[in-house]
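The structure under discussion appears below in the form of structure tokens.
The values are calculated or read from the model by the stated rules, or taken from the named source; none is laboratory data. All figures in this text were calculated on a predicted structure; none of them were measured in a lab. We place every Cβ from the backbone using ideal geometry, glycine too, and count neighbours over all the protein chains shown. Surface accessibility is based on the protein's heavy atoms, side chains included, excluding ligands, DNA and RNA. Shrake-Rupley method; radii C 1.70, N 1.55, O 1.52, S 1.80 Å.
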Amino acid sequence: MLALPPATLLMRRVGGRATALISLTVMAAGLASLPLSSSLSAAILAALVYGAGFSGVDLSMNALGTWLEERLERPVMSSFHAAFSIGALLLGRGVTLPVHLISASALTLVCGALLTVRLPIHLTRQEPSTGQSRPGTLLLLLLAAGFGAALCEGAVADWAAVYVRGVMDVTPDIASRGFVIFALSMVVGRLAGNRLAARFGRGPLASAAALVGSVGFLIVSLSGSVQSVLPGFLLVGLGLSVLAPLGFSAAWQLGQARGVALMTAVFYGGFLAGPPLVGLGVHLLGLQAAFTLPLMLTVLCLILSAGFRVYAERPVGEAA
């Protein structure tokens, strides 16, 4: 999060392509240095370098993706986030951790650099804003919804298995199925997100996704068996899957690189805040109430989804 302001400034000064290349290099260097660290302090430094580079890559890729979406006049961000989700599910099999990290860093740097050099130096909007609304107010709505969606996603990632095992009293292997189904449904939802946005429009899709997520969390909270809780996590994954791509697209429309940077920071904050806030709720109310806060936040996202409608009332396939 601390690296986002300088990354945003760097993007304004030297452009999206240079920012992506610099961030890729920093990220790869930090990741490759982790297994080579000879002390805890060196490992912490390598992790800080990796985190700084990752935030710059995250910012520049989301900005480039939303810029490309605007240029193509059709939704593409959801497929980019699907690729992110797929990458998060891939693990090195049959290799040691040092080999895995060094290979991943080298592959990321080489492939990323080859693709990034083909991107434009600076990102500019095709058309000026229509001035039909107040961007500051809309950004606040979008950032609030983004924070809620990120908090929910982080909470499920850390608490799904704990919840299923504790409430349903099952083995760790069975308990892990809740998160697996959630993660897979996130991928499926994001792969379908572009077509759904083009078919129904961004605003209606955001409202429908928040509603599906709310129903999913309600099922999870009321479930007393594995058979009933797993469909709940399925709906949660499908509902949350498209909120991030839609949020970043809207942030670009309203604030360009600054809007994307704010949304990125909000998502990082939500991911970090989700698990401990759910833990606090568990401490006060018990494990059965673990997903009460995420349920409330998805309902809030449903209310705030009107913010998505302001900049995209029509289906995305129509000319802007």
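Couple of notes before you dig in:
- Overall form of the chain per C-alpha gyration tensor (a/c, 1.5; a/b vs b/c): oblate
- Local electrostatic count, P6, Cβ distance below 15 Å [Lys/Arg +1, Asp/Glu -1]: +2
- Accessible-area ranking of F84, F217, F54, largest first, probe 1.4 Å: F84, F54, F217
- Calculated [θ] (222 nm, deg cm²/dmol) that DSSP helices of n ≥ 4 give over the chain, each run adding -39,500 (n - 2.57): -27500 deg cm²/dmol
- Across L31, L143, L119, mean-square fluctuation computed from a Gaussian network of the chain (C-alpha pairs under 10 Å connected) peaks at L119.
- Dipole magnitude (debye, nearest 20) for the chain, charges at Cβ of Lys, Arg, Asp, Glu: 600
- Taking Lys and Arg as +1 and Asp and Glu as -1, the other residues whose beta-carbon sits under 14 Å from that of T19 total +3.
- Ranking of S38, S214, S228 by solvent-accessible surface, largest first: S38, S228, S214 (1.4 Å probe, protein heavy atoms only, all chains present).
- Among 198-207, 41-50, sorting by the average number of other beta carbon atoms lying within 10 angstrom of each residue, highest first, gives 198-207, 41-50.
- Within a Gaussian network of the chain (alpha carbon springs, distance under 10 Å), most fluctuating of R118, R165, R258: R118
- Per-residue SASA remark: V26, around 50 Å² accessible (1.4 Å probe; ligands, DNA and RNA not included).
- Selected from L285, A28, G65, residue furthest toward positive end of dipole (the chain; charges at beta carbon): G65
- The mean accessible area for residues of the chain, using a 1.4 Å probe and ignoring ligands and nucleic acids, is 48 Å² per residue.
- Most mobile listed residue (L238, L184, L246) in the chain, GNM with C-alpha springs under 10 Å: L184
- Extension gain (nm, one decimal) between A104 and A83, 0.36 nm per residue minus Cα-Cα: 6.0 nm
- Summing +1 for each Lys or Arg and -1 for each Asp or Glu among the other residues whose beta-carbon sits under 12 angstrom from that of L59 gives +1.
- Against the criterion of solvent-accessible heavy-atom surface with a 1.4 angstrom probe, H100, H81 sort, most first, into H100, H81.
- Taking the protein heavy atoms of the chain in the context of the full set of protein chains, the accessible area attributed to carbon and sulfur is 69 percent at 1.4 Å.
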